[in-house]
Each structure stands twice: as C-alpha cells, then as structure tokens.
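The values are calculated or read from the model by the stated rules, or taken from the named source; none is laboratory data. None of these values were measured; they are calculated from a predicted model. So basically every Cβ, Gly included, is an ideal-geometry build from the backbone, and we count neighbours across all protein chains shown.
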Amino acid sequence: MFETFAALLFAHVLADFVLQTNWMAARKRHPGVLLLHGVLVLLTAQISLGQFTAWPLLVLALVHLMIDTVKTYGGFDSLTGFLTDQAAHLLSLLVVSLLFPTLWHSGFWASCAKIAPYLPALMTLIAGALLATRAGGFATGLLMRGHAVSDDPEDQGLPGGGATIGHLERGLIYLLVLSGNLSGIGFLVAAKSILRFGTVSGDRKATEYVIIGTLFSFGWALIVALLIQKLLIPLPPLEIAPKPT
C-alpha cells in the first residue's frame, strides 16, 4: 500500500508541478487544455507504477479532472482554493492506494529486482523536494498576493530573484530536516534576516511583507519535510536517506 501511494504521489507531483506549464495553467478553462492535463495525469501514474492496463488509474485521472474542473470553473484561485484542491487530490491518491494496494507490486518496476526495493523511497524523496520547492512557491505566491504593497521589495531586485531565493531556502530546509540537521534551520533564518535587513530597514510594510513570506515559506518546507520523513518510515530505505527512527 505504501509503495503504491509513494508512486502515485510522485506521479501527481510531476503532473501538477512539473509537466503542467504556466501556459497550461493560464488556459485551463479551455476543455482541450484541461483534457491534456488529464492525459498527463494518467500517463505519469501509469509510468510511475509500471501499469498500463490498470483501470483504477483511469478512474483516478477522471477524479483528478473533476477536482480541477471544480477549481478552475469555480474560480477558486486563492490559497485556500489551492490547498483544498491539493488536499482533494491527495485524498484520492490515498483512497486508490487503500482500495488497490497491490498496484505497485503487480507493476513492471516491482519485477526489477535490483531497483524495485529502492524506487518507492526515491520517488518519495523527489516528490517531497518538488512539493517543498515548486508547490511551496505557488502557495507562497498566492498568500503574498493578498499582502501586496506598492513598494513591493521583490520588485526592486533581480527579475525572479525572490522566487529563486524562496526555492533555494525551501530546498535547503527540506535537506536539513531529512539529514537530521534541524539546528541548521536556525542559522538559515538568521542568515536571511541579516541579508534582508538592509532591504527593508525602516519600512514597516516591506518588513512585514518579508516576514510573512519568509515564515510561511519556511513553515511550508518544514511541514513537507516532516511528512515525507514519516512516509519514508514504512518504505525500504535508501543508503543516502537512512530510515528515520
């Protein structure tokens, strides 16, 4: 069951946060684009599990399309809408994993003796990294959209610099948690505070903007890392990621 969920989670993250481009996201109201996304959801699930004829994956893709249709045409484009959408997707993955726990074991990858024991954990680690960085970037952007200020500090630096910093800090937190170096997060917070001090010093709005974005970004990465750490426990460990105790 855990292997099946790990593979489905990996597939979902690829379909939603890697293969779904900005062009697709902006045109998702078009039925053809929405259908294309559904096809990608199905293909990533099939490839991740090594299953190309399992009907539960088709049902999963249809459910994914239904959830996205409600979100897209319902205009739920806020942070709450994003979190609800992702929670619904994760619930559907969990239900399929519970009802059809042998999807992984009956798939192609499970028959590859040399890599089969390690693939679910590797998929989980990659999915977690993408959730921490890419999904965290979308979530943080949606939150900060409601706190925009006229002198937005992100507009005064390098184009895309703030987003890149966010990806890097969340990625570092993810690595620190999984490597057991939680104390390093404190140094990361201190370093960013020092580096940002000159940018927002004396400007209360800009200071609060940066604090809100930073705390949410750090908190997102921390929560994702801790959840991934828990998910790794029942899976065969990788040498590069010792099994948590």
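Identify all residues within the stretch 149-184 that are modelled with pLDDT under 70 and among the hydrophobic types (A, V, I, L, M, F, W, C); write none if there are none.
149, 158
Against the conditions (1) surrounded by fewer than 14 Cβ atoms within 10 Å (Cβ to Cβ); (2) at pLDDT below 90; (3) under 30 Å from residue 42 (Cα atoms), residue 187 satisfies every one except (3). Within the stretch 11-22, restricting attention to residues that are touching a residue at least 24 places away in the same chain (Cβ under 8 Å) and part of a loop (DSSP other than H, G, I, E, B), the residue that is farthest from the chain's Cα centre (by Cα) is 19. Checking the condition on the phi < 0 side of the Ramachandran plot, under 19 Å from the mean Cα position of the chain (by Cα) and crowded, with 17+ Cβ neighbours inside 10 Å, which residue from 8, 34 passes? From the options 8, 34, the qualifying one is 8.
With respect to the conditions (1) within 21 Å of residue 139 (Cβ to Cβ); (2) out of contact with any Ser or Thr (no Cβ under 8 Å at 6 or more places or on another chain), residue 53 falls short on a single one, namely (1).
Looking at the structure I just gave you, is residue 227 surrounded by fewer than 16 Cβ atoms within 10 Å (Cβ to Cβ), among the aliphatic types (A, V, I, L, M) and modelled with pLDDT of 90 or more?
yes
With respect to residue 5, is the statement that it is within 27 Å of residue 145 (Cβ to Cβ), touching a residue at least 24 places away in the same chain (Cβ under 8 Å) and either assigned to a helix (DSSP H, G or I) or out of contact with any helix residue (DSSP H, G or I) (no Cβ under 9 Å at 6 or more places or on another chain) (or both) true? Considered against the rule, which asks whether it is within 27 Å of residue 145 (Cβ to Cβ), touching a residue at least 24 places away in the same chain (Cβ under 8 Å) and either assigned to a helix (DSSP H, G or I) or out of contact with any helix residue (DSSP H, G or I) (no Cβ under 9 Å at 6 or more places or on another chain) (or both), residue 5 comes out as no. Counting only helices (runs of 4 or more DSSP H) that sit wholly inside the stretch 23-141, those with at least 2 residues that are in contact with a strand residue (DSSP E or B) (Cβ under 9 Å, 6 or more places away or on another chain) are 119-130.
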